[in-house]
Every structure is written in structure tokens, then in C-alpha cells.
Amino acid sequence: MKRLLVTGGAGFIGSNFVHYWLEKYPNDHVVVLDALTYAGNASNLTALDDVQNFEFVHGDINDTSRVEALLREQELDTIVHFAAESHVDRSIEGPDAFITANILGTHSLLKAARQVWLSEGKCPLDHRFHHVSTDEVFGSLETGDPGFSEQTAYAPNSPYSASKASSDFLVRAYHHTYGLNVTTSNCSNNYGPYHFPEKLIPLVMINILHGKNLPIYGNGMNIRDWLYVEDHAYGIDLVINSGKVGETYNIGGCNEWTNIDIVNLICKLMDEKFASNDLLKKRFPTSPASAGKDSASLIEYVKDRAGHDFRYAIDTSYIEAELGYQPKVTFEQGIVKTLDWYLENEDWWQAVMDGSYQAWIETNYKAA
Ligand code: NAD
Ligand code: TDX
């Protein structure tokens, strides 16, 4: 039985991970520590309100003494570290928040783990610090290049990826220097439920429903390797339970798409949904699909992202050979599940987008 601290557990991947974990390991104790930034959503976890062995803590990973107290008092033996600023465009507009959350925040957690687990001697052998990172630390690939492997040299290009790369190095150093039991996973683009609607896939789905333009950066030919978020949780599970201490593992979907192809696919799926469901036409009257027009008519090519990485792809052969990892959800299944989730959970994304969720946070958490 494990006792986990999940940082950033109210965000997109973190909350999916917590649901995955408690379903698979219902007797484990899980504490989520999340600062509820604009991207954190406490309602992602409300289904767990009555679960005895789950606790939500509103707090910042940079509050080292609070992290130490949680580790000590709740006798936690595993940290799964998701908390981060995660949106590349925001890192271009304002890098400082990324330095604070991703570099200083990771260092604060490492210090707390070292203090409680190593200096104070709690869990000297059985502790684990699992760090969740990204394929963006490896930079950008050209067409035909092999995918990123664990041996690929780091070459981060955005303030976001540079901050994640720095955090990866700090994790590595705490293992090498102090003997902290760490593992790191570098994952490709995730998609699925609870994905914040500033990222490409949910943004496109919601904009189609509202009849708003679908902004494609540059020529739309940039390539990403998409992974269903539950498969990421599964990969992390394998690494935590069977991965070698001090090792890093690349997790990917083996599923490369150009941005324009993915947007066209979502448009086509949405058109099919509307054609077979009159209720959708009533719910979203401003969507072109309600008038029988192609959703793709909303596509608009806009100014490219500064320093836009051309292609990401992951070589999953190491995690496959070592831990038996294979993505379980095909893209055809995953994208339809995701589209259905957004259609069935309008309350979730409306509250995020119209500000009512932020007002709820102010009342319930900021005052606390
Ligand atoms: P997200 O932006 O949806 O969620 C981040 C969460 O961290 C939020 O709940 C936020 O409130 C919390 N947080 C931010 N700063 C904090 C702080 N100082 N203290 C406590 N909590 C804080 O991000 P995501 O997409 O779920 O990504 C989770 C992790 O996975 C990140 O580390 C990211 O770099 C990594 N990752 C993401 C992807 C992807 O496709 N989204 C792919 C690979 C790796
Ligand atoms: O409006 C848009 N138009 C557009 O063309 C947006 C938001 C994005 N894009 C492009 C940029 C990228 O090439 O789509 C691609 C995907 O963009 P994002 O969804 O912003 O993801 P990306 O920048 O690839 O980064 C994501 O994957 C790796 C996550 O946000 C990171 O946290 C993760 O590390």
C-alpha cells in the first residue's frame, strides 16, 4: 500500500491520474496538493469528496515547510509531481511564472523530500519521487528524424521547455548527489477529459460549438504525437511500481498528426455528431454544423507561435522493452471519447470560460 502526494492533482493530467490511481489501488492513501492556479480545477476531483483515503490540500509547492509537514504528518512515501505552468504560449508572454512554479517549485519539493525522507530518516529505502516531464525538453525534430529516445540530448526551445528541462536536471542531481529515489517520465502531448480549453484539441472543440474561428498557427504542418491521458497515467503507474530508481522513461502515443489534419478530423467528427443529433443543434445554434455547414469553414490561419517547434515524436522502445508499456486507447477511440466528454460536460467548460468557476474559487479557497 502506498501513501501518495500528488502535486498539481487538480489540473488536467493530475486529476485524470488521481481517478485512475484510486480506481486501480482503492486502498492507497492519496493527498493532492494544488495551488489552484487558472489551470487548476477543484471540481475535477469532487467525485472523490466522500472517499476516506483521499484528501485535497489547497497550497503551493513552493511552500517547502508545508510540504515537509504533509510528508511527515501523513507519512507519505511517494511523490508524483505534476504541478507546473504548462502552456507554451503563456511561457512566451510571461516566462517568470514558469521559473517560479517549474524550477523553484520542483526544487522546493526535492528539498522537502530530502529533509523528511533522508535527513529525518522517514522511509529511508522505500520512498519514491516521480517527476512528470515532457518531450519538449528534447527540442524539435525534422521530417524523417527518429523519435526522441532517453539518450536524445536536451535542446529546449521555449521558456516552458527550458523550465521543465531545468527541473529534470534538478531531479537527476538530487538522486546523484543525495541518493533520493527518483524516476522521471518524459511524455508527448496528452488529450482527453478535463483538458484546459486553451490547448489545441479542447479549444477547437469548444470554438466549433460556439461558431468561433479555429486559429491555426503558421501553415498548420507542425506535428505532435498525441496520447490519451489515461495511457499516460498507466505509463506513470508502470514507472512508479517497476521502474528503476534514477532512470528516465519516454512515454508516447506513437500517433503523429499535423495540426491541420487533427483540426480537420475534429471538424468532420463534429459535423457527423450534429447531423445525427437534433438536440445538439438546439444547444449550439451558432455552430455552423447547426446550419448544415462544414465546421472546417471556421479554420483561420494566424501568425505563427514564436520559436514554434516543428515536430515531436517519441521512441517508446525502452519503456516497452523494460516495463511492457503499450498505449491501450487508439486515437480513433480516444478522440471520440474526448469529443463525447466535452459534449456531455458543458457545465465544466462553461464555468471555466465564463468566469463562474474562478468566482467559486475566490469564495471557497482564496479566503481560506
Ligand atoms: P495543467 O496546467 O492542466 O495543470 C497544472 C496543475 O498544477 C494545476 O492544477 C495548477 O493549479 C497546479 N499548479 C501550478 N503551479 C502550482 C504550484 N506552484 N503549486 C501547486 N500547484 C500548482 O497541466 P497538465 O497539462 O495537467 O500537465 C501536468 C504536468 O505534465 C506538467 O508538469 C506538464 O509539464 C507535464 N506534461 C504535460 C503534457 C500535456 O500534454 N499537457 C505532456 C507532457 C508532460
Ligand atoms: O490555437 C492554437 N493553434 C495552434 O495551431 C493552439 C493553442 C495551438 N496550436 C498548435 C501549436 C502546437 O503545434 O497546436 C499544437 C499543439 O499546441 P498546444 O495544445 O498548445 O500544445 P503544445 O504546445 O504542443 O504543448 C503541449 O504538449 C506538451 C502541452 O501544453 C505541454 O504542457 C506539454 O509538455
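A few comments on the model shown:
- Of the residues making up the stretch 121-144, those that are of a type in the set (S, T, N, Q) and more than 17 Å from I251 (Cβ to Cβ) are S140, T143.
- When the residues of the stretch 282-305 are filtered to those that are aliphatic (A, V, I, L, M) and more than 16 Å from I216 (Cβ to Cβ), the one that is surrounded by the fewest Cβ atoms within 10 Å (Cβ to Cβ) is A291.
- Condition check for G14: within 8 Å of ligand 1 (Cβ to nearest atom), at positive phi, of a type outside the set (F, W, Y) and at pLDDT 95 or above: no
- Unmet criterion (only one of (1) under 15 Å from N207 (Cα atoms); (2) outside any helix (DSSP H, G or I)) for R305: (1)
- Checked across the stretch 175-187, the condition of being surrounded by fewer than 17 Cβ atoms within 10 Å (Cβ to Cβ), out of contact with any helix residue (DSSP H, G or I) (no Cβ under 6 Å at 6 or more places or on another chain) and not hydroxyl-bearing (S, T, Y) holds for at least one residue.
- Among the residues making up the stretch 17-56, those that are within 14 Å of ligand 1 (Cβ to nearest atom) and within 12 Å of A233 (Cβ to Cβ) are F17, V18, H19, Y20.
- Restricting the stretch 21-37 to residues that are of a type in the set (D, E, K, R) and in contact with a strand residue (DSSP E or B) (Cβ under 8 Å, 6 or more places away or on another chain), the residue that is farthest from Q358 (Cα to Cα): D28
- Among the strands (runs of 3 or more DSSP E) confined to the stretch 180-270, the ones with at least 3 residues that are within 11 Å of ligand 1 (Cβ to nearest atom) are located at 182-187, 189-191, 223-228.
- Test: residue in the stretch 177-194 that is on the phi > 0 side of the Ramachandran plot and within 16 Å of ligand 2 (Cβ to nearest atom): yes
- Unmet requirement for V229, which otherwise passes all of (1) surrounded by fewer than 21 Cβ atoms within 10 Å (Cβ to Cβ); (2) under 23 Å from K24 (Cβ atoms); (3) within 18 Å of the chain's Cα centre (by Cα): (1)
- Going through (1) crowded, with 17+ Cβ neighbours inside 10 Å; (2) away from ligand 2 (no atom under 16 Å from the Cβ) one by one, E55 falls short only on (1).
- Scanning the stretch 188-215 for residues that are crowded, with 18+ Cβ neighbours inside 10 Å and in contact with an Asp or Glu (Cβ under 7 Å, 6 or more places away or on another chain), we see that the one that is nearest to Y318 (Cα to Cα) is S188.
- Of the numbered criteria (1) buried (at least 23 other Cβ atoms within 10 Å of the Cβ); (2) in a helix (DSSP H, G or I); (3) under 18 Å from the mean Cα position of the chain (by Cα), the one A162 fails is (1).
- Just one of the listed residues (K293, K273) is in a helix (DSSP H, G or I), basic (K, R) and modelled with pLDDT of 95 or more, namely K273.
The values are calculated or read from the model by the stated rules, or taken from the named source; none is laboratory data. These numbers come from a predicted model, not from an experiment. Backbone-built Cβ (ideal geometry, glycine too); neighbour counts: all protein chains shown.
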